[in-house]
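The next block holds one structure in the form of structure tokens; read it before the comments.
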Amino acid sequence: MSRPSFLEWGILLSAVAGACSPGAPDQILYNAKVVTLNANLDLAEALAISNGVLLAVGTNEDIRSLAGPETVERDLAGRTVIPGLGDNHYHGIGGGPGVDLSAARTMDDVLAAIAERVSSLPGGGLVVTNSNWHEGQLQEKRLPLRADLDRVAPRHPVVVVRGGHEYVLNSAALDRWNIDEATTVPEGGSIGRYENGKLNGELVDRAKSLVTLPPRARPDFEEQLEAVAAEHARLNEVGLTSIRYAGASKRLFDVLQELRRRGLLTVRVNLLPRVSASVDAGELEATLAEWNVIRGQGDDWIKVGGIKLGVDGGFEGGWMREPYEEPWGQGGEFHGLQTFPTQQYVRVVSELNRLGWRVATHAVGDAAIDLVLDAYEAAHAERSIVGKRWVIEHGFVPQPDQFPRMKSLGLLISAQNHLYVAGPSLANYWGAERANWVTPVKAYLDAGIRVSSGTDSPVVPYSPFWTLYHFITRQTISAGVMGEDQRIGRQQALMLSTIENAYLNFDEQTKGTIEPGKVADLVVLSEDFLTVPEEQIQAMQVMMTMVGGKIVFSRN
């Protein structure tokens, strides 16, 4: 254990005396293994908190000597304490009223769940699934396609929702929306086919617009407040203390502000308003004015962190320089989907830069990253973006020639653990070599590019420990280790979820490590993250989560 020198401790006590004078700390946590993640990666035994801020970190003896008569002292019985965890690309927790496929592990499980819903509906009723699942979790490692769905639903229209980028329809659903082999494919979309040319039911990205699902009943404002608060409580259970909404609505922004006003917010949030590909550069100022926010507006609890754009598809539509291994019925010429027209995207990026907004762009494939770099460089030529921490979201398949361009602009990578769930599918789409390279965190870091981590929930389940486990081991749910050369160390992975998430949001001075002066966002673990067998990381249990010195979850 690293103990401060006498001089360091004297400086620290002086700082504490100034910060908490005339009273003692509100609370002290001691008898712990504190993983500070400070510049020296020091370990400590105890910490002191007052008014939601960390005041001192050190040995049990030294920290406990600061206690006053009103100080609450918590004996952690040797448990490990880490900084609060973050998710850099979060949409929601998933679930909903659709058929739940999250527990399915075989094709029969999927079809049985759909058949059960069919049996409960009158003839012809529409069946829709939820989206928080992936075919990579299935033994067969493939999607349920039109013929599979027809077996259990010959007359009921079925729409299987997979992630945020794809629907799969059965024959009755294709008929309901008049989709057939002659249907024009919307630009930026794809309609899947079997080898014989017959539609297989897949509608990707903008092809989803051919289907209009019945709108869900919109909860009133109070109902949504309760739902978001409950969702955040579930995030606290897995140690999440900060999230970044990648494409938030004005309604959600208003809900979060009201939760904050009522003292009910239990995670710190960073929001990115989304600008769609249908918005012209000339309309941007009026579009953003509808939010009634100032760029960079916010505080330690709620902050508007930039604008979200997107230029290609997801798993099934990442835009690549080289064609897909799986041809999508296009004879091996499918390169993925460009979802934002080139010149329009370049103009929008430049206009956002002119207006002073930071840009974060969804880009999965290497061709998509090429476009993002071209647009960012064009904007930079007009007004420097260096130091403004512009972002590439996901960055699945970069090429080495792109790393120097990213570095010269000071770009950040917002990385997630999609490969952990989708490994078999990505190998099918792009071939083993590209799939093993997906989200090459080590290569990014070796190139001097800063990386943060998250999940893209509900596309991938929201547990940060799945992300940590995957980046440390490169294990996947059903395809073994993929890209072993991209493994990173435990402390390095933990830093991606903590201090690098803080850096992504310009918050590194206030959170992300356990140091005096930073907010007391802490997680107490059931086991020692640094030494527990690797396999146990993915199921690690949180014993307590603290945000701003307040306990927001406790297992005791």
Exercise for the section: Kindly indicate whether PRO461 is within 21 Å of HIS165 (Cα to Cα), in contact (Cβ under 8 Å) with a residue 40 or more places away in the chain and in a helix (DSSP H, G or I). Expected result: no
Completion exercise
Screening MET482, MET495, MET543 for residues that are of a type in the set (A, V, I, L, M, F, W, C), in contact (Cβ under 8 Å) with a residue 40 or more places away in the chain, on the phi < 0 side of the Ramachandran plot and touching a strand residue (DSSP E or B) at 6+ places or on another chain (Cβ under 6 Å) leaves only MET543
Exercise for the section: Quick one: in the stretch 184-221, of everything that is in contact (Cβ under 8 Å) with a residue 24 or more places away in the chain and of a type in the set (Ser, Thr, Tyr), which residue is surrounded by the fewest Cβ atoms within 10 Å (Cβ to Cβ)? Expected result: THR212
Completion exercise
Residue hits (the stretch 84-103; more than 20 Å from the chain's Cα centre (by Cα) and in a strand (DSSP E or B)) are VAL99
Exercise for the section: Answer yes if at least one residue in the stretch 302-309 is within 29 Å of MET544 (Cα to Cα), modelled with pLDDT under 90 and within 22 Å of the chain's Cα centre (by Cα), and no otherwise. Expected result: no
Exercise for the section: Residue by residue through the stretch 104-120, note down the ones that are of a type in the set (D, E, K, R) and outside any loop (DSSP other than H, G, I, E, B). Expected result: ASP108, ASP109, GLU116, ARG117
Practice task
Mind telling me which of the residues VAL81, VAL118 ends up being touching a residue at least 12 places away in the same chain (Cβ under 8 Å) and within 26 Å of the chain's Cα centre (by Cα)?
Solution key: VAL81
Fill in the blank from the handout: Checked ARG274, ARG321, ARG268 against criteria (under 18 Å from the mean Cα position of the chain (by Cα) and within 30 Å of SER190 (Cβ to Cβ)); the one match is ARG274
Completion exercise
Cβ pairs under 9 Å, 6+ apart or interchain, first in the stretch 260-287 and more than 30 Å from ALA230 (Cβ to Cβ), second part of a strand (DSSP E or B), ordered by first then second residue, are ALA277/LEU309; ALA277/GLY310; LEU284/ILE307; THR287/PRO273
Handout entry: Matching option when the condition is of a type outside the set (S, T, N, Q) and closer than 30 Å to THR513 by Cβ, among ALA246, ALA277, ALA286, ALA227
Key = ALA246
Practice task
Kindly check whether there is at least one residue in the stretch 64-85 that is surrounded by fewer than 17 Cβ atoms within 10 Å (Cβ to Cβ), of a type in the set (Val, Ile, Thr) and on the phi < 0 side of the Ramachandran plot.
Solution key: yes
Fill in the blank from the handout: Per the filter on the stretch 70-121, residues touching an Asp or Glu at 6+ places or on another chain (Cβ under 9 Å) and of a type in the set (Ser, Thr, Tyr) are THR71, THR80, TYR90, THR106
Problem - Of all residues making up the stretch 446-458, the number that are outside any loop (DSSP other than H, G, I, E, B) and in contact (Cβ under 8 Å) with a residue 12 or more places away in the chain - result: 5
Practice task
Given the conditions (1) touching a His at 6+ places or on another chain (Cβ under 8 Å); (2) in a helix (DSSP H, G or I), report the number of the one that GLY123 does not fulfil.
Solution key: (2)
Completion exercise
Of all helices (runs of 4 or more DSSP H) fully inside the stretch 467-556, the set with 2 or more residues that are closer than 20 Å to LYS33 by Cβ is 490-497, 534-537
Problem - Scope the stretch 147-161; condition surrounded by fewer than 21 Cβ atoms within 10 Å (Cβ to Cβ) and within 15 Å of GLU116 (Cβ to Cβ); matching residues - result: ARG151
Completion exercise
Checked the stretch 407-462 for anything basic (Lys, Arg) and in contact with a helix residue (DSSP H, G or I) (Cβ under 9 Å, 6 or more places away or on another chain); matches are ARG434, LYS442, ARG450
Practice task
Would you mind stating whether ALA443 is in the same structural domain as MET543 (by TED's automatic domain parsing), surrounded by 24 or more Cβ atoms within 10 Å (Cβ to Cβ), assigned to a helix (DSSP H, G or I) and over 18 Å from the mean Cα position of the chain (by Cα)?
Solution key: no
Handout entry: Flag if ALA246 is assigned by TED's automatic domain parsing to the domain that holds ALA415 and over 26 Å from SER526 (Cα atoms)
Key = yes
Practice task
Please verify whether the stretch 341-356 includes one or more residues that are touching a residue at least 40 places away in the same chain (Cβ under 8 Å), closer than 22 Å to GLU285 by Cβ and of a type in the set (D, E, K, R).
Solution key: yes
Handout entry: Answer residue from the stretch 64-93, given it is more than 11 Å from ALA24 (Cβ to Cβ) and of a type in the set (A, V, I, L, M) and is modelled with the lowest pLDDT among those
Key = ILE93
Fill in the blank from the handout: Restricted to the stretch 86-105 and to residues being in contact with a strand residue (DSSP E or B) (Cβ under 6 Å, 6 or more places away or on another chain) and not acidic (Asp, Glu), the residue surrounded by the fewest Cβ atoms within 10 Å (Cβ to Cβ) is GLY98
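The values are calculated or read from the model by the stated rules, or taken from the named source; none is laboratory data. Since this is a predicted model, take the numbers as computed values, not measurements. Positions of Cβ are generated from backbone atoms using ideal geometry, with glycine treated the same way; all protein chains shown enter the neighbour counts.
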